[in-house]
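See below for the structure under consideration.
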Amino acid sequence: MRVADSNQILHVLETKYSGEATFDDLIEELGGYNLPDVEEDNDEVTSLEILEEVGDDMPIVRFVNMVLYQSLKDSASDIHFEPFEDTYQIRMKVDGTMKLLTPPPRELAAAISSRLKIMANLNIAERRLPQDGRIATIIAGEELVFRMSTLPTQFGESVVLRLLDKNNTDILSLDVLKIPDSVHKSIIHCVEQPNGVFLVTGPTGSGKTTTLYAALRRLNTVDVKIVTAEDPVEFPVEGIVQCQILESMGMTFAKALKSFLRQDPDIILVGETRDLETASITIEAALTGHLVVTTLHTNSSTEAITRLMDMGVEPFLISSSVNGALAQRLVKTICPKCIVSTPITKDQRQMLQLNDEDVEGREIKYGTGCDACNNSGYKGRCGLYEMLQMNDETRELIANKVPALVLREKAIEFGMQTLRMDGLRVMFSGESTFEEVMKYT
């Protein structure tokens, strides 16, 4: 055993795993790497042996590890490995924006996807069907956990990794998500009911699962039984019974929910309500004394109600079971190192539909770009929220099947803050920019 200064160790790790020159050097090394032929028309057994061999070859292992470490260093949320006819493209999503890495040689596509499959314990011989898995590995002393998805394409397998921050337990608290006070109180009110359904809506990657887990962490006590159905399980949490959905094996959300009702739970999390069967069992569970929290893919909180109706759920069941619906988005925040102020222009005011009185004496901010933010002007993300909390009036409107537009107008009359209103809050407070607010609201 040897003792070394911590700064020296960090310097060696930085030199070994990161730096553009090191990355390019490895790409150059891979350029001279002779990959055995693994075309589709090869003998299946021989092809499998070759894939296993190249998937464990040191140059491929080093390259994949470097890409994974780079994603952690850049705080990327996703890594995309995309094969095309003449190129093999690797991109990372950092703060919601794609960043292109130096591409490796096109012929290494099969070897790289095989290496990722080996790490996720997937079937490397299956290249014609989609597969889902999970990678847990230690690189440069950091424990990294990824959700992995493969998709067969015309030119090979496309692989997408979602980085799950296993060690970041603070993000699982509602108090650190910077949710506006009124929305925060409404969420707590909805999830502290003894029964009912709480819906979180938004597009993929908008932080729905993080919000649900933040709510569950508040409720996770010794005297409460919580079970979840997820595809896949993203955050292992002590004290919560978490069930992995495997549709290929017949384990669907609907099937899991039926079993949950025989497990005597108090609170049920359903990763996503996709169809009428799942929605019906969710409503049934809420009406029989359980609190159910789940996600939907809709653009606004009021559209969540419309979506349930479109699935075939009766309006009177929705009105009697749903406690509230939260819509959310993630917008990029301005880099604090290069933030500057500017007056709002007339065109911007008109696009936001604001009066002169609304913007009098107020400025908006943006980032000019610096080394700290890779000249993007942005660093990190924050949430925008729109909360529809049920009351007697909204329940009656839903039961009477009023159009979605009327329901939205009435909800705003009752005090609902829309995504655009919350966007104006973060824009005028200097957290985000005019462009981000217009893009996501």
Is there any pair linking a residue in the stretch 344-369 that is within 15 Å of MET421 (Cα to Cα) and part of a helix (DSSP H, G or I) to one that is open to solvent by 90 Å² or more (accessible area, probe 1.4 Å) and among the charged types (D, E, K, R), with Cβ under 8 Å and at least six apart or on different chains, and which? ARG349/ASP356
Going through CYS338, CYS373 one at a time, which residue ends up being modelled with pLDDT under 90 and at negative phi? CYS373
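Given the structure, is SER182 within 20 Å of GLY207 (Cβ to Cβ) and of a type in the set (Ser, Thr, Tyr)?
Numbers: within 20 Å of GLY207 (Cβ to Cβ): yes; of a type in the set (Ser, Thr, Tyr): yes.
Spelling it out, SER182 is indeed within 20 Å of GLY207 (Cβ to Cβ) and of a type in the set (Ser, Thr, Tyr).
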List pairs: first residue in the stretch 113-136 and on the phi > 0 side of the Ramachandran plot, second residue open to solvent by less than 10 Å² (accessible area, probe 1.4 Å) anywhere in the structure, Cβ distance under 9 angstrom, at least six positions apart or on different chains. ASN121/ILE135
Go through (1) within 18 Å of THR298 (Cα to Cα); (2) in a loop (DSSP other than H, G, I, E, B); (3) acidic (Asp, Glu) one by one and return the number of the condition GLU431 breaks. (1)
Residues in the stretch 376-390: is at least one surrounded by fewer than 16 Cβ atoms within 10 Å (Cβ to Cβ) and assigned to a loop (DSSP other than H, G, I, E, B)? no
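Within the stretch 84-107, count every residue that is touching a Pro at 6+ places or on another chain (Cβ under 9 Å) and part of a strand (DSSP E or B). If you could, list the steps in order and put the result at the bottom.
As a first pass, look at the stretch 84-107 and keep what is touching a Pro at 6+ places or on another chain (Cβ under 9 Å): 87-90, 106.
Add one more test, that the residue is part of a strand (DSSP E or B), and what stays is 88-90.
Residues in the stretch 84-107 being touching a Pro at 6+ places or on another chain (Cβ under 9 Å) and part of a strand (DSSP E or B): 3 in total.
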Pick from the stretch 282-313, criterion in contact with a Pro (Cβ under 9 Å, 6 or more places away or on another chain) and surrounded by fewer than 19 Cβ atoms within 10 Å (Cβ to Cβ), ranking: nearest to ASP231 (Cα to Cα): HIS297
Scan (1) modelled with pLDDT of 85 or more; (2) among the hydrophobic types (A, V, I, L, M, F, W, C); (3) surrounded by fewer than 19 Cβ atoms within 10 Å (Cβ to Cβ) for the single condition ILE79 breaks and write down its number. (3)
In this structure, does VAL331 turn out to be surrounded by 24 or more Cβ atoms within 10 Å (Cβ to Cβ) and within 21 Å of the chain's Cα centre (by Cα)? yes
GLU436 meets each of (1) open to solvent by 20 Å² or more (accessible area, probe 1.4 Å); (2) in a helix (DSSP H, G or I); (3) among the acidic types (Asp, Glu) with one exception, condition (1)
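Identify all residues within the stretch 144-161 that are open to solvent by 50 Å² or more (accessible area, probe 1.4 Å) and either under 22 Å from THR204 (Cα atoms) or within 19 Å of the chain's Cα centre (by Cα) (or both); write none if there are none. Can you show your working first?
Of the residues in the stretch 144-161, the ones open to solvent by 50 Å² or more (accessible area, probe 1.4 Å) are 147, 151, 153-155.
If the condition is that a residue be open to solvent by 50 Å² or more (accessible area, probe 1.4 Å) and either under 22 Å from THR204 (Cα atoms) or within 19 Å of the chain's Cα centre (by Cα) (or both), then ARG147, LEU151, THR153 are the ones that fit.
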Can you name every residue in the stretch 269-281 that is open to solvent by 10 Å² or more (accessible area, probe 1.4 Å), over 11 Å from THR295 (Cα atoms) and in contact with a helix residue (DSSP H, G or I) (Cβ under 8 Å, 6 or more places away or on another chain)? ASP275, LEU276, GLU277, ILE281
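The values are calculated or read from the model by the stated rules, or taken from the named source; none is laboratory data. All of these numbers come straight from a predicted model, not from anything done at the bench. Please note: Cβ atoms are built from the backbone with ideal geometry, for glycine as well, and neighbour counts cover all protein chains shown. For the accessible areas, the whole protein counts, side chains as well, though only heavy atoms, and no ligand, DNA or RNA atoms are used. Shrake-Rupley method; radii C 1.70, N 1.55, O 1.52, S 1.80 Å.
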